[in-house]
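Derivation of every value follows stated rules applied to the coordinates shown; laboratory data play no part. Since we're looking at a predicted model, the values are computed, not measured. In this analysis, Cβ positions are derived from the backbone assuming ideal geometry, glycine residues included, and neighbour counts consider all displayed protein chains.
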Amino acid sequence: MRLLVIVLTFLLFVGIVGFVLTNLDTRVPVTVWETQYTDLPLFLLGIIAVFVGICYAGIIGVAEGTSIRLANRRLAREVRRLEAELNYLRTQPPSARRPEPDVVQEARETPAGGEDIAPAETVATAPVYGPDAEGWVSDDDEDAYSGGRAV
């Protein structure tokens with residue numbers, strides 16, 4: 001990419017020098033709004049046009065770069081916030097953590113002390129039916145899966 005920029009810059013420079021050398025004696029009138037300039041060298045107008053284009057491209061580049069840097073800072077703050085939250089959750093004692101789904105399923109099957117689990121402690125999961133449960137699709141229906149299925 002850098003080589004392409006160097007080659008294009010060199011070609012632009014050669015083009016400008018060629019334009020200047022072929023139009024040293026050419027003079028033209030120029031009107032800007034209501035002001036008229038007579039007898040201006042054409043090569044000077046070419047150089048001014050290139051300079052204005054370079055300034056315009058530079059301003060756009062600075063504005064785009066600023067926008068990207070601001071977005072990067074915002075995203076870096078978000079990453080730091082999420083990493084802090086993740087570290088906080090990792091360093092919590094095991095009793096304060098949310099139980100894993102397998103632990104919840106085991107607790108549901110064998111409640112502590114023999115009593116039922118309160119509705120506030122249950123975790124919503126998809127029911128799993130065994131192969132002989134009601135509504136099971138048999139192997140005769142070309143169902144290749146032979147274990148339980150989640151609904």
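Rounded to 0.05, the FRET efficiency of the Ala71 and Ile6 pair, given R0 = 25 Å and the Cβ-Cβ distance, is 0.30. Between Tyr88 and Cys55, residue separation times 0.36 nm minus the direct Cα-Cα distance comes to 7.0 nm. Less than 5 angstrom separates the built amide H of Val30 from those of Tyr37, Thr38, Asp39, Leu40, all sequence-distant by 5 or more or on a different chain. Consider a paramagnetic label point 7 Å from the Cα of Ile47 along Cα→Cβ; state which residues of the stretch 16-31 have an amide N under 19 Å from it. Within reach of a label on Ile47: 16-30. If the segment from Arg80 to Val20 were pulled out straight at 0.36 nm per residue, it would be longer than the present Cα-Cα gap by 16.1 nm.
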